[in-house]
Amino acid sequence: MNNEINFDGLVGPTHNYGGLSTGNLASMQNVGGVSNPRAAVLQGISKMRALLAMGLKQGVLPPHERVHIPSLRRMGFTGTDKAILERAWKQSPALVTNLASASAMWTANAATVSPSADSPDKRVHFTAANLASLFHRAVETEFTARVLRTIFANNQHFEHHDSLPVGGRMGDEGAANHGRLSASHSQPGVQLFVYGQSAFERQDNKSHFEARQSLEASEAIARQHLLDPHRVVFIQQSRAAIDAGAFHNDVVSVTNGRVLLYHEQAFEETEKAIEAVRAACHQIEIEPVFLKVAKEQVSLVDAVKSYLFNSQLVSLKDGQMSLILPIDVSENPSAKRWVDDCLEADNPIASAHFIDLRQSMRNGGGPACLRLRVVLNESQEESLGGAGLLDGAMCDRLEVWAKQHYRAQLAPDELGDPALLDEGRTALDELTGILKMGPIYDFQRQP
Ligand code: SUG
């Protein structure tokens, strides 16, 4: 039997509101606010605990080291790490702020992952996202690839591709723009790649937000994952959705099993896209379930404000589906009404759980942003030897660890503080022991 394991990003000790993501309304609006890294990491752990309690499998990906001193060295700073940080902070607070972001927590952007049932070599394929459109995110790629290769190490089962080349608009934002429809996690499926525009299209209209995912990047991933072209659908995100703040497709749609839940304005040429998905599903005898949310039910503005579609849609052991929603949905009348009606209606979604993720939400990261879905069969899972997998006892340990090491307040003007760098390293050094991951961080590998 195959299981889906959600690998959540553990929030890092520098979680802050740097205002780094144009096109992400929450990030733009909350710039400069005081964050609470301790509350943020505890909220993330509570979500993982909630999914474990529902009988689901849960994994975790460690935070990245921040401030990222290796990047500052590459950019010409020399001396001790402390001296580098102090000098960089003095010369360019903006550079340090970018290299301090805890944005690796949103592991839906870590990689695109294809289950082995969809590739002829019967291996799980990974491509770490290049995250080319934003500097603070592009810095994540190298370490993400290292972590994925560390956890999914067995090359009989796992194939890791290099991230895609960068330059121009060749952005690849990983699983946030990728979905899959299948009869069950064990069965072959149809993969959906949602892109913003061609990497080579000119974008002269400055009043629009930039599309982050390129068609060429999506096509490259489908090719290198050896996917059958008849079971792949490329869908263009709508301009309206991007301009309303849906910087990733997972802000306006989500898939699970046979279900595609989407906002009426999520895609350009929606009817054509839906027909293409239906036709691809019919090739492998899947009858897809399309749950369309009309704009009269929930406007794009409310979809983006509440993050209704950034829910995790998960299959429970009894075959029913559950929605894991941000608590913000319960406070948005139209989104809440849609959830209530959905639970009453005849569809596979039978329950809903509201989770407080406000610290992450203020940077535009909801439940679905915080997780990378990996479908594994039993021998693939066994080959991990427990690496990266969580249980209740591990959640307890992580909570104790977080309370000991994380600050309860952090303002962006404190990111140049060498004490914060030290605290972070102490925390991460201990974490690699707790997670039994070995010295994965650069600061642990220095002579
Ligand atoms: O890339 N926010 C992230 C949020 C990513 C959400 N992920 C998904 N939708 N899958 C981003 O825009 C804000 C950081 C700051 O402003 O400090 C940030 O990077």
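Only one of THR78, THR97 is away from the ligand (no atom under 12 Å from the Cβ), over 17 Å from LEU428 (Cβ atoms) and either over 18 Å from the mean Cα position of the chain (by Cα) or hydrophobic (A, V, I, L, M, F, W, C) (or both). Can you tell me which? Exactly one residue qualifies, and that residue is THR78. Of the residues making up the stretch 347-384, those that are assigned to a helix (DSSP H, G or I) and either open to solvent by 10 Å² or more (accessible area, probe 1.4 Å) or within 16 Å of the ligand (Cβ to nearest atom) (or both) are ARG358, GLN359, SER360, MET361, GLU378, SER379, GLU381, GLU382, SER383.
Pairs please, first residue from the stretch 121-145 and within 24 Å of ARG73 (Cβ to Cβ) and modelled with pLDDT under 95, second anywhere and within 11 Å of the ligand (Cβ to nearest atom) and of a type in the set (Asp, Glu), Cβ atoms under 7 Å, 6+ apart in sequence or on different chains. As it stands, the answer is none, since no pair meets every condition given.
Inspect all residues belonging to the stretch 101-108 and state whether any of them is under 30 Å from LEU316 (Cα atoms), more than 16 Å from the ligand (Cβ to nearest atom) and touching a residue at least 60 places away in the same chain (Cβ under 8 Å). No, the conditions are met nowhere in the stretch 101-108. Those helices (runs of 4 or more DSSP H) of the stretch 116-233 in which 2 or more residues are more than 16 Å from the ligand (Cβ to nearest atom) and buried (at least 16 other Cβ atoms within 10 Å of the Cβ) occupy 141-151, 215-224. State which residue pairs qualify: first residue over 15 Å from PRO93 (Cα atoms) and inside the stretch 412-432, second residue open to solvent by less than 40 Å² (accessible area, probe 1.4 Å) and at pLDDT below 95 in any location, beta carbons under 7 Å apart, and separation of 6 or more residues or different chains. As it stands, the answer is THR432/GLY438, since those pairs meet every condition given. Residues in the stretch 89-102 that are surrounded by fewer than 15 Cβ atoms within 10 Å (Cβ to Cβ) and under 24 Å from THR144 (Cα atoms): ALA94 only. Within the stretch 160-174, at least one residue is in contact with a strand residue (DSSP E or B) (Cβ under 6 Å, 6 or more places away or on another chain), among the polar types (S, T, N, Q) and closer than 30 Å to GLU381 by Cβ. Scanning the stretch 385-417 for residues that are among the aliphatic types (A, V, I, L, M) and assigned to a helix (DSSP H, G or I), we see that the one that is most open to solvent (accessible area, probe 1.4 Å) is VAL400. Considering ARG66, ARG38, the condition of being of a type in the set (Lys, Arg) and assigned to a loop (DSSP other than H, G, I, E, B) is satisfied by ARG66 alone.
Please verify whether GLU86 is under 20 Å from PRO412 (Cβ atoms), open to solvent by 10 Å² or more (accessible area, probe 1.4 Å) and part of a loop (DSSP other than H, G, I, E, B), treating the condition exactly as stated. Judged against the criteria, GLU86 is not a match. Pairs linking a residue in the stretch 24-37 that is β-branched (Val, Ile, Thr) to a residue that is near the ligand (Cβ under 10 Å from one of its atoms) and open to solvent by 20 Å² or more (accessible area, probe 1.4 Å), with Cβ atoms under 6 Å and 6 or more positions apart or on different chains, are VAL31/GLY19. When VAL304, VAL251, VAL289, VAL329 are checked against the criterion of being within 16 Å of the ligand (Cβ to nearest atom), at pLDDT 95 or above, open to solvent by 10 Å² or more (accessible area, probe 1.4 Å) and not basic (Lys, Arg), VAL304 stands alone in meeting it. Of ALA335, ALA280, ALA273, all but one fail to be more than 21 Å from HIS248 (Cα to Cα), assigned to a helix (DSSP H, G or I) and touching a residue at least 12 places away in the same chain (Cβ under 8 Å); the exception is ALA280. For the stretch 135-162, which positions are within 17 Å of ALA104 (Cβ to Cβ) and either under 16 Å from the mean Cα position of the chain (by Cα) or among the acidic types (Asp, Glu) (or both)? If the condition is that a residue be within 17 Å of ALA104 (Cβ to Cβ) and either under 16 Å from the mean Cα position of the chain (by Cα) or among the acidic types (Asp, Glu) (or both), then HIS136, ARG137, ALA138, VAL139, GLU140, THR141, GLU142, PHE143, THR144, ALA145, VAL147, LEU148 are the ones that fit. Scanning the stretch 292-301 for residues that are part of a loop (DSSP other than H, G, I, E, B), open to solvent by 20 Å² or more (accessible area, probe 1.4 Å) and in contact with a strand residue (DSSP E or B) (Cβ under 8 Å, 6 or more places away or on another chain) gives a single hit, LYS295. Applying the criterion of being open to solvent by 40 Å² or more (accessible area, probe 1.4 Å) and among the small types (Gly, Ala, Ser) to the residues of the stretch 1-53, the residue that is farthest from the ligand (Cβ to nearest atom) is ALA53.
The values are calculated or read from the model by the stated rules, or taken from the named source; none is laboratory data. Only a predicted model underlies this, so the values are computations on that prediction, with no experimental measurement involved. Counting neighbours? That spans all protein chains shown, and the Cβs are built from the backbone with ideal geometry, glycine included. We work out accessible area using only protein heavy atoms, side chains counted, and drop any ligands, DNA or RNA first. Shrake-Rupley method; radii C 1.70, N 1.55, O 1.52, S 1.80 Å.
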